[in-house]
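Report on the structure given below.
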Amino acid sequence: MDIRVISLSPPDSQHDFPLKLFHSHPSPQPRSFREHRHLEFEIGYFKSGSGTYKTSTTDYSIRAGDVFIFRSNEFHWISKINPDEPMEIMNIHFETRLIWSSYDMFYLPESLKLFTDKSISSFCNRLDRKNPYHKEVESILLNIETEMQNKYQEYSLMVKNNLLSFFVLLIRHFDYKNKDKSDFLICKNSKESIEASMDHIQAHLSDDLKLSEIARVANLSETYYSTVFKKLNGVSPWEYIISKRIELAISYLCNSSLTMIDIALKCGFKNTANFNKTFKKITGRTPTEYKSKKQPVID
C-alpha cells in the first residue's frame, strides 16, 4: 500500500494538537481480516475506487466521492476493494483536543458531542450520498488537503476553520445533532485541568501511571476527573493512556533499533506478552509485523 502522511505541527509543542492527513492507494488484492481501531477521530474521503467498508455493526458499500466518519476506538476495516478502478483515499486523523482546547478561541460543544456522544441514534458512518450539501463537504475536505500540502501562511488556522465548517454542516444538514437537549457544561478551568493532566500523561508514559495521581495533577476528584475526561475525549483516561503508549511504541518501531522488551518497558508495559497483546488489539498487527512494514494502519 502506498501511503503519504502530512502532519499539522502546532506552534507550541507543549500543547500538542495532532492532525494528520494520509493519502493511500490500497491494492485490490485479497484482504484478510484485521481488527483496526485508534484513538484519533477519522474522516475518510474516497477520491476513486469502490468496495466495502466494514464496522462492528454494518457493511457499507464504497464508491468515489463517499465520506466516512469514525469515532475514537471504533472498529473499521476495508474488507473488499473492487479491481475495476484504482482506489485513492484521503484520511484525516485528529484528537478532540483540537476542538475543545482551552488555548483555542473556537469551541463548539455540539461538534464535540458529534464525536464523543454515542447516544446519537441517527449516527451513520457514511454521510448521505444524496444530501444536497454533500458536495460542499467534499469541497471543505479538499480545501484542508490544499492547505496541508502547500502550507500557506496561517495554514493551520485555515485547517481548523475548515474543520469547524465541516462539523457545522454535519450538525445542520446531516441529522447528526443529538436530540437530547441536556448538556454537560465544562468550564474553562476544568478544560485547563484536563489539558495539564494530558501533558502529564504524555511526559510519563513509561511510568506506572495511576488514576489517583493523574486526577491530583488536574486538581479534581477521581470520579469527576474521569467523567470530564471522557466527555471531552470520547474515551476513558486509561483508554487514552493505552493508545498513547501504542503510539509511542510505533514511533520506536519505525525509528529505532531497540529490542521489543526495551520498547515495551519504555512505553509503560511490564513485559512483551502484555505489550504484544495490547499492540495487536489496537493496530490489528503484532509489533513485529508492524516493524516489517513501517506503515501506519489507516483502513
Seminar exercise, completed: In segment 215-235, anything touching a helix residue (DSSP H, G or I) at 6+ places or on another chain (Cβ under 7 Å), surrounded by 15 or more Cβ atoms within 10 Å (Cβ to Cβ) and not charged (D, E, K, R) is listed as Ala215, Val217, Ala218, Leu220, Tyr225, Ser226, Val228, Phe229, Leu232, Asn233, Gly234
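Quick check, is Met1 closer than 23 Å to Asn161 by Cβ and either surrounded by fewer than 21 Cβ atoms within 10 Å (Cβ to Cβ) or modelled with pLDDT of 90 or more (or both)?
Details: closer than 23 Å to Asn161 by Cβ: no; either surrounded by fewer than 21 Cβ atoms within 10 Å (Cβ to Cβ) or modelled with pLDDT of 90 or more (or both): yes.
Here the answer is no, as Met1 does not meet what is asked.
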Exercise. Has segment 200-214 got any residue that is outside the structural domain of Asn73 (by TED's automatic domain parsing), of a type in the set (Asp, Glu), surrounded by fewer than 16 Cβ atoms within 10 Å (Cβ to Cβ) and in a loop (DSSP other than H, G, I, E, B)?
Worked result: yes
Exercise. Only one residue in Ile282, Ile250 is β-branched (Val, Ile, Thr), assigned to a helix (DSSP H, G or I) and free of Cβ contacts under 8 Å to residues at least 60 places away in the same chain. Which one?
Worked result: Ile250
Seminar exercise, completed: In segment 215-237, anything in a helix (DSSP H, G or I) and under 19 Å from Glu95 (Cα atoms) is listed as Tyr225, Ser226, Thr227, Val228, Phe229, Lys230, Lys231, Leu232, Asn233, Pro237
Exercise. So which residues in segment 128-145 are closer than 13 Å to Leu21 by Cα and in contact with a helix residue (DSSP H, G or I) (Cβ under 9 Å, 6 or more places away or on another chain), if there are any at all?
Worked result: Leu141, Asn143, Ile144
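The values are calculated or read from the model by the stated rules, or taken from the named source; none is laboratory data. Bear in mind the structure is a predicted one, so any value in this text is a computation, not a measurement. For neighbour counting, all protein chains shown are included, and Cβ atoms are generated from backbone atoms with ideal geometry for every residue, glycine included.
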